[in-house]
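Notes to accompany the following structure.
Each value in this text was obtained by applying a stated rule to the coordinates, not by laboratory testing. These figures come from a predicted structure and were not determined experimentally. All Cβ positions, glycine included, derive from the backbone under ideal geometry; neighbour counts span all protein chains shown.
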Amino acid sequence: MEQILAISMEKIRIEYFTDPLCCWSWAFEPQLRKLRFLLKDRLEITYVMGGLLRDWKSFNDQMNDIARPAQVGPLWMQAKNMSGQPIEENIWISNPVDTSYLACMAVKAAALQSKVAEEAVLRKLREAVMIHKKNIGEVAVVLEIALELEKDGVLKKGKFKDDLLSDEVSQLFRKDLDRTKASGITRFPSLLITYHDKTYQITGYRPFHELKKTFLLLDPELELDQIINKEVYIKSWVNLTDREVTEVTENSKELCP
């Protein structure tokens, strides 16, 4: 009996390939947060920073016809309209981001401290650029975010600043870039999901019902249709957008790009 229980409670492992500057990853947050709430400790997520934008000289997204900052706005508008998440696409005119590499390194620097710190920095970076139109390619902006989290006790005082541009963090980020390339990942978000001897890949923005189908293929006994208490859900997260709340309170019609 104990052996059967241990097998049934085996972790579902996810490699989450993403980038703080990815609008579709931000659009995907409501569904991913709902999934995490329902499965709780059954999920084990490893974050892999994909390095979406090294610089504009080397960037060329042929699929979306993007080669310069001003062309990103319409894509972000599409992600906003598709997902319902708040996104300020005008940043690509008023304060365009030159690189996502610094933000990726910020996530790796936070990961040296704890998983909680890693997720908090990633979330704050997304909110900063998507909602508040802050340029997360600037050191001052990243350190401002870190200072807020230091005041909240999420980050240790001074350590993040020392680690951010260190050789150790550079190497960790390089490993993430190598892992992304080796896995053949070219779009974010992408999830490699492993459970027992089964592995599935989800690429791009997906509504919850599609996520549910994939996870039920892994384990048909997963309980993914539970009614979620709104108050309990809100208290489970430091911050939620209105769209993230409606994800668990309404059966909204969702579309896929």
Whole-Hz Karplus ³J(HN,Hα) for segment 23-32, in order, using 6.51 cos²θ - 1.76 cosθ + 1.60 and θ = phi - 60°, x for Gly and Pro? 5, 6, 5, 5, 4, 7, 4, x, 5, 5
Which distance in Å, rounded to a whole number, links the C-alpha centroids of segment 13-60 and segment 181-195? 10 Å
Mind running the shape call on segment 67-121? Use the C-alpha gyration tensor, a ≥ b ≥ c as the square roots of the eigenvalues: rounded below 1.5 for a/c, prolate if a/b tops b/c, oblate otherwise. oblate
For the chain, find the longest principal axis of its Cα atoms and tell me its angle to the long axis of helix 115-130, 0 to 90°, nearest 10. 60 degrees
If N is the residue count of segment 1-139, its Cα Rg over 2.2 N^0.38 Å rounds to 1.19
Enumerate the whole-percent occupancy of each 5 Å bin, from 0 to the last occupied one, for all C-alpha pair distances of segment 10-249. 1, 6, 14, 18, 20, 18, 13, 7, 3, 0
Part-to-part distance (alpha-carbon centres) for segment 143-175 and segment 81-96, which is given in Å: 26 Å
Fluctuation leader among K134, K198, K34 - the chain, Gaussian network, Cα springs under 10 angstrom: K198
Against the longest principal axis of the chain, how steep is helix 73-83, in degrees 0 to 90 to the nearest 10, with axes from Cα atoms? 20 degrees
Please label the shape of segment 126-192 as rounded, prolate or oblate, based on the square roots a ≥ b ≥ c of the eigenvalues of the alpha-carbon gyration tensor (a/c under 1.5 means rounded; beyond that, a/b larger than b/c means prolate, else oblate). oblate
Mind checking the log10 I(q)/I(0) for segment 80-208 at q = 0.11, 0.23 Å⁻¹? Debye, one equal scatterer per Cα, no solvent, two decimals. -0.46, -1.38
Cross-link table K157/K181; K80/K134; K40/K181; K34/K175; K161/K181, entries beyond 23 Å C-alpha to C-alpha: K157/K181; K40/K181; K34/K175; K161/K181
A student applying the Cα gyration tensor rule (rounded when a/c is under 1.5; otherwise prolate if a/b is larger than b/c, oblate if not) would label segment 158-257 oblate
Pairs of Cα atoms under 8 Å, at least six residues apart: use those to get the relative contact order of segment 10-249, whole percent. 28 percent
Non-local residues with an amide H under 5 Å from the amide H of I12, with H modelled 1.01 Å from N and Pro and chain starts lacking one, are L43, E44
Work out the length of the dipole vector of the chain about its Cα centre, built from +1 on the beta-carbon of each Lys and Arg and -1 on the beta-carbon of each Asp and Glu, and round it to the nearest 20 debye. 220 debye
Would you mind getting me the FRET efficiency between K151 and M63? Use the beta-carbon distance for r and R0 = 41 Å, nearest 0.05. 0.50
Can you compute the helix-only [θ] at 222 nm over the chain? Use -39500 (n - 2.57) per DSSP H run of at least 4 residues, normalise by all residues, nearest 500 deg cm²/dmol. -14000 deg cm²/dmol
Sequence order, segment 233-240: Karplus ³J(HN,Hα) from phi using 6.51 cos²θ - 1.76 cosθ + 1.60, θ = phi - 60°, Hz rounded, Gly and Pro as x, gives 5, 4, 6, 7, 10, 5, 8, 9
